[in-house]
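A short worksheet on the structure shown next.
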Amino acid sequence: MPTTKLEEHPHFPIVVSTCEDRNQSRKLHQLSPVEFERASLFRVQDPFGLRKAILPLFHADRAGILSGMGTGFALDPWGRFLTADHVIDFVRQSSASDGQYDVTPDNHVLALLGIGLVFGEVGVPSEAIIAMSNYFTPAVQVENPMDFTGKKERRPYDVAFIGSPAQPPAEMIRNLPLRSRPTSPRVGELVVAVGFPEIELAHGPLAELPVAITEGMFAAYGRVSKLHPSGRDRASPTPAFEVEANWPSGMSGGPVINAAGEVIGLVSRSIAPADGEELGVAWATWLAGAVAPSMWPSSLDAGDAYSRNGWGATRIDPWAIEGFPSTETEAETLAQRLGAGYSAKRVGQRLGTDTFTVYG
């Protein structure tokens with residue numbers, strides 16, 4: 001592996017922006033540290049873009065006491081998110097063969113949506129806190145090394161789809177470009193992870209949340225050093241790529257992004273740098289290997305990372321399209337209300353624009 005500084009890599013710095021920013025041709029900012037910071041770990045000041053796509057996750061117990069758990073990021077505008085399984089596995093009572101969770105009633109996962117730039121202590125709007133109600137984790141059958149009968153057991157991959165029953169407010173949610181069939185990382189490739197290693201909570205019930213949360217978004221560059229398409233070992237079967245990086249624990253579940261600015265993995269595990277060292281060892285869940293194409297939500301567009309698929313109420317003559325709901329039922333209800341030749345159609349949208357594609 002090269003021994004040069006991360007800042008000297010030919011692909012440094014990486015431009016990381018939301019689909020909405022790119023589609024609207026806004027000025028894109030290179031993700032780079034300011035003076036006296038290092039590329040291995042630095043604070044990100046982007047409250048109106050990335051902060052609305054990448055979210056801190058919390059554990060709430062029966063009493064409403066919050067604990068910071070890690071990071072997740074939005075898959076679409078309708079309340080579907082991705083994170084690491086180990087970030088949210090505390091909710092799991094049992095897991096069915098199809099990967100769906102049986103959830104314990106005493107534990108909940110909450111996400112804090114992007115509310116913009118905050119100065120001082122202000123109340124957190126109630127609509128900025130969303131609770132997750134469904135969970136799905138891919139799993140694989142592996143041999144139990146302690147079971148000499150050869151019996152296999154299911155081991156979860158370190159990736160979890162989580163979802164909220166409530167659609168996030170449009171002004172609080174953005175999306176990252178993610179190809180559901182991304183290209184493979186290469187050894188020596190530069191990647192950057194984004195997440196929340198600093199989450200401070202004033203311990204108290206959820207009702208007192210308005211002055212309880214202090215968080216900081218950070219980015220951390222690293223170099224891919226090894227590929228593990230079948231997992232590191234039988235105990236860790238998640239397809240992964242190994243990275244020379246410094247990814248603190250709170251970044252778990254955050255996106256890992258390639259030089260093209262596209263999500264190819266998520267932060268899984270890490271070993272902190274040794275004394276005097278800038279980089280440790282980290283592992284990213286390799287999304288191309290851990291998630292089968294059929295497992296991705298239908299809202300993702302395999303051919304266009306900057307679009308999402310949903311539904312709309314459309315009219316042919318004169319041409320018109322109204323709404324962009326996530327389900328056919330919602331589109332049919334809208335079409336019936338509009339009347340005048342409207343019908344529900346499957347559509348795709350270039351996020352943040354009025355450019356739609358009607359499918360059939």
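The values are calculated or read from the model by the stated rules, or taken from the named source; none is laboratory data. What you are looking at is a predicted structure, and each value in this text was computed from that prediction instead of being measured. Please note: Cβ atoms are built from the backbone with ideal geometry, for glycine as well, and neighbour counts cover all protein chains shown. Quick note on the areas: whole protein, heavy atoms, side chains included, nothing else; ligands and nucleic acids left out. Shrake-Rupley method; radii C 1.70, N 1.55, O 1.52, S 1.80 Å.
Couple of notes before you dig in:
Every residue, every condition in (1) farther than 14 Å from Leu41 by Cβ; (2) at pLDDT 95 or above; (3) assigned to a strand (DSSP E or B); (4) of a type in the set (D, E, K, R), yes or no:
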| position | (1), (2), (3), (4) |
| --- | --- |
| Lys226 | yes, yes, yes, yes |
| Val243 | no, yes, yes, no |
| Ser270 | no, no, yes, no |
| Asp275 | yes, no, no, yes |
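- Positions within the range 337-356 being touching a residue at least 40 places away in the same chain (Cβ under 8 Å) and not β-branched (Val, Ile, Thr), in sequence order: Gly348, Gln349, Arg350, Leu351, Gly352, Phe356
- Only one entry of Thr353, Thr314, Thr285, Thr357 meets the criterion of being surrounded by fewer than 20 Cβ atoms within 10 Å (Cβ to Cβ), β-branched (Val, Ile, Thr) and out of contact with any helix residue (DSSP H, G or I) (no Cβ under 6 Å at 6 or more places or on another chain), and that entry is Thr357.
- Within the range 31-59, the only residue that satisfies the criterion of being of a type in the set (Val, Ile, Thr) and open to solvent by less than 10 Å² (accessible area, probe 1.4 Å) is Ile54.
- Among residues of the range 242-269 that are touching a residue at least 12 places away in the same chain (Cβ under 8 Å) and surrounded by fewer than 24 Cβ atoms within 10 Å (Cβ to Cβ), those with a beta-carbon under 8 Å from a residue that is part of a strand (DSSP E or B) and of a type in the set (D, E, K, R) at least six positions away or on a different chain give the pairs Glu242/Lys226; Glu244/Arg223; Gly250/Glu198.
- Looking only at the range 1-55, and only at residues there that are of a type in the set (Ser, Thr, Tyr) and more than 18 Å from the chain's Cα centre (by Cα), the one that is modelled with the lowest pLDDT: Thr3
- Screening the candidates Arg62, Arg26 for the property of being surrounded by fewer than 15 Cβ atoms within 10 Å (Cβ to Cβ), in contact with an Asp or Glu (Cβ under 9 Å, 6 or more places away or on another chain), closer than 14 Å to Arg174 by Cβ and among the basic types (Lys, Arg) yields one hit, Arg26.
- Selection count, the range 67-82, where residues are more than 16 Å from Gly352 (Cα to Cα) and open to solvent by 10 Å² or more (accessible area, probe 1.4 Å): 4
- Long-range neighbours under 8 Å by Cβ, at least six apart or interchain, first residue under 21 Å from Asp354 (Cα atoms) within the range 24-52, second open to solvent by 70 Å² or more (accessible area, probe 1.4 Å) and at pLDDT below 90: Phe48/Leu117
Residues checked against (1) of a type in the set (Phe, Trp, Tyr); (2) in a strand (DSSP E or B):
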site: Ser25; (1), (2): no, no
site: Val34; (1), (2): no, no
site: Phe48; (1), (2): yes, no
site: Arg51; (1), (2): no, no
site: His59; (1), (2): no, yes
site: Asp76; (1), (2): no, no
site: Leu82; (1), (2): no, yes
site: Ile88; (1), (2): no, no
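- Contacts under 9 angstrom Cβ, first residue in the range 321-336 being of a type in the set (S, T, N, Q), partner part of a loop (DSSP other than H, G, I, E, B) and open to solvent by 80 Å² or more (accessible area, probe 1.4 Å), 6 or more apart: Ser326/Gln167
- Inspection of the range 323-337 finds no residue satisfying the criterion of being more than 22 Å from Leu176 (Cα to Cα), open to solvent by 40 Å² or more (accessible area, probe 1.4 Å) and aliphatic (A, V, I, L, M).
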